[in-house]
Amino acid sequence: MGIPVSLILIAVGAIIAFAVHQDPNPSVDIDVVGWILMLVGLAGLVLSLTLWERWGPGAWGWHRGYGPGGPPPGGSPYPPRRRTVVEEEEAPPPPGPPPPP
């Protein structure tokens, strides 16, 4: 469950809990359903933010995927990015006699 789904669950739960009124003696209490949806949405939001890369494990100094020695020395733990290098060739000289010295 991602952040948008969590926010949608919280919004739908709040609408059901606070804005929908029901008949007396219902078989299902709509207010309780709304509160349950809000709690599930809140739990999903907290888990999404906790497991998110920026605020997750890297924020507290430990990183996923490192061996017992920690991060590799002298560089980024991520593989190098690909680069595109374009080398232009010089145009060939025009045909004809060489210029005088």
Quiz prompt | Label-point separation, GLN22 to TRP35 (7 Å along Cα→Cβ), nm | solution = 1.2 nm
Practice problem: Please check which bits of the stretch 1-21 a label hung off LEU47 would reach, taking the label as a point 7 Å along Cα-to-C-beta and the cut-off as backbone N under 12 Å. | Solution: 1-3, 6
Exercise. For the stretch 1-54, state the semi-axes of the equivalent ellipsoid (square roots of 5 times the eigenvalues of the alpha-carbon gyration tensor), sorted largest first and rounded to whole angstrom.
Key: 28, 9, 6
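None of the figures in this text is laboratory data; all of them are computed from the coordinates on show. Treat the numbers as computed from the prediction; the structure is a model and nothing was measured. Ideal geometry is used to build each Cβ from the backbone, glycine not excepted, and the neighbour counts take in all protein chains shown.
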